[in-house]
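First up is the structure itself, then whatever we jot down about it.
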Amino acid sequence: MSTNSSSTTLSPYQTFTSTLREVGASMNAHPDIIELLSKPQRIIQVQLPVQRDNGSTDVYHGYRVQHNNARGPYKGGIRFHPSVSLNEVKALAAWMTLKTAVVNIPFGGAKGGINIDPLKLSDQELQRLSRSFIEHLGPIIGPATDIPAPDINTNAQVMAWFTDEYMKLNGHREHTIATFTGKPLSLGGSQGREAATGRGGLFALQEYLEQSGQNHQGLTIAVQGFGNVGAHFARLADQAGFKIVAISDAAGGIYHQSGLDITAVIKARAAGGQLNKNLCYPKLTVKNAGPAATDCQQITNQELLTTAVDILVPAAIENQITAQNAGQIKAKIILELANGPISYPADQLLKNLPIIPDILANAGGVTASYYEWTQNLQNLYWEESEVNTRLELTMRRAMREVLNEQTSHPDLSLRQAAYQLAINRLQEAILLRSWVRPRSQDTVGHLNNRR
Ligand code: GLU
């Protein structure tokens, strides 16, 4: 994926702290709490020597950043990606703290990562690396302390290695299985978890459109990123009646004005195809009519971002929309399924555009992780319909709560409203725990009505 990086682009962590400080000041949040939230509580950085199949040794760097646990155990995924750095993981961990607060689930925020291109490693090498990471993280994770999950380039198989290694280190004790979420179904995973981020984003979008009186049928969508999140979102949005006209992966993308049959694209891609013209399956409303597959255009990631569509869905990595290309965005709504796809300066330039922010839009994944964790703790497993019904309630309620926050503070963007909602919830927990001293105007954290 092109990263648009230039010396003027803010780092993900700067983007996070800029928004945090801006919203903290405008809502008159407790300054000590904003200070506390502007830094992670703990950073774990490890060196990971991995024996390659050819006998040589490569050294990678692994990180786990535990940002905040005022509202519950640290929670957040682990990503394998060449761009992983401490700065990036710190931002991702902080966004998890805000995200779990926006959807009001009893978790804090954390994130982990290893700076690696997993495509360059064999399955055996990847397994050794995964197990070695858990050897290092073992003492600081657990079902009541810090619960990792999948993120970019990690999946249920990686969670199975993590779980197995963790159990070797800690034994098969009660609730040990709840140390990781996003596990395979046969190892305590939850129905509906894999598609949950995409599905949750669709629920948030539908609620937004309904609340603003718009009919979603036929609205056009461009999706950047065709990994777990982007592909499930595109498939479900296509089934729901949106028209997905453009999709892309790291190598580039395709566009078709009639919309794409995403189920057909996913099938062809699983059989080994690349996202190029050969994989263009236009959606034809009348059989054998409409533009032919040859009308399909091959596009770059940059072109996808600036396509004229109703809804743009960045579902890849950070800093895709920066001050350099923000002025060319033609979409009417942005749904941020990636974490941090819009830099802080770009966000300022796009103030008038409704942007359903990452800490709300992509919270469906961690919400389903919460359901997986609760199922593990009770040893009682739910049908997929139960997971999806609860997910829909949670995502739609969170979207309405953010909209209500905006209604009572009309100057706020949706992102600022979501931050404000999250900061208020965090502030309450932090004051009740007496981590900072309440000010006279703070309504919790005092020993009122003492008898
Ligand atoms: N990696 C996902 C995220 O960024 C899910 C995290 C989780 O399930 O803990 O939200």
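The values are calculated or read from the model by the stated rules, or taken from the named source; none is laboratory data. Just so it is clear, the structure is predicted and the values come from calculations on it, not from any experiment. Glycine gets a Cβ as well: all are built from the backbone with ideal geometry, and neighbour counts include every protein chain shown. SASA here: full protein model, heavy atoms, side chains in, ligands and nucleic acids out. Shrake-Rupley method; radii C 1.70, N 1.55, O 1.52, S 1.80 Å.
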Next on the checklist: Being of a type outside the set (Phe, Trp, Tyr), in contact with a Phe, Trp or Tyr (Cβ under 7 Å, 6 or more places away or on another chain), closer than 22 Å to Asn228 by Cα and more than 16 Å from the ligand (Cβ to nearest atom) is the requirement here; does Glu386 meet it?
Outcome noted: no
Item to check | Residue that is of a type in the set (A, V, I, L, M, F, W, C), open to solvent by less than 20 Å² (accessible area, probe 1.4 Å), in contact with a Pro (Cβ under 9 Å, 6 or more places away or on another chain) and closer than 28 Å to Phe80 by Cβ, where the choices are Ile317, Ile333 | outcome: Ile317
Item to check | Complete set of residues in the range 74-104 that are over 15 Å from the mean Cα position of the chain (by Cα) and within 11 Å of the ligand (Cβ to nearest atom) | outcome: Tyr74
Checklist outcome for this item: Out of (1) open to solvent by 40 Å² or more (accessible area, probe 1.4 Å); (2) more than 12 Å from the ligand (Cβ to nearest atom); (3) more than 24 Å from Gly72 (Cβ to Cβ); (4) not charged (D, E, K, R), the one Gln206 does not meet is (1)
Checklist entry - Pick from the range 144-163 the residues that are touching an Asp or Glu at 6+ places or on another chain (Cβ under 9 Å) and either at negative phi or open to solvent by less than 70 Å² (accessible area, probe 1.4 Å) (or both): which of them is nearest to the ligand (Cβ to nearest atom)? => result Ala149
Checklist outcome for this item: Pairing a residue in the range 186-208 that is among the polar types (S, T, N, Q) with any residue that is within 12 Å of the ligand (Cβ to nearest atom), where Cβ atoms lie under 6 Å and the two sit 6 or more apart in sequence or on different chains, gives Ser190/Tyr371; Ser190/Glu372; Thr197/Val229; Thr197/Asn362; Thr197/Gly364; Thr197/Gly365
Item to check | Residue tally, condition among the hydroxyl-bearing types (Ser, Thr, Tyr) and either modelled with pLDDT under 95 or touching a strand residue (DSSP E or B) at 6+ places or on another chain (Cβ under 7 Å) (or both), over the range 146-188 | outcome: 3
Checklist outcome for this item: Scanning the range 220-236 residue by residue, those closer than 15 Å to Asp151 by Cβ and either open to solvent by less than 30 Å² (accessible area, probe 1.4 Å) or not in a helix (DSSP H, G or I) (or both) turn out to be Gly225, Gly227, Gly230
Checklist entry - Here is a list of conditions, (1) more than 14 Å from the ligand (Cβ to nearest atom); (2) within 20 Å of the chain's Cα centre (by Cα); (3) not hydrophobic (A, V, I, L, M, F, W, C), and Tyr166 meets all of them except one; can you say which number that is? => result (2)
Item to check | Criterion violated by Asp58 - all others in (1) more than 16 Å from the ligand (Cβ to nearest atom); (2) charged (D, E, K, R); (3) in contact (Cβ under 8 Å) with a residue 60 or more places away in the chain satisfied | outcome: (3)
Item to check | Enumerated strands (runs of 3 or more DSSP E) restricted to the range 37-136, each holding at least 3 residues that are hydroxyl-bearing (Ser, Thr, Tyr) and open to solvent by 20 Å² or more (accessible area, probe 1.4 Å) | outcome: 57-68
Checklist outcome for this item: Within the range 418-434, residues under 16 Å from Ala361 (Cβ atoms) and open to solvent by less than 10 Å² (accessible area, probe 1.4 Å) come out as Ala418, Tyr419, Ala422
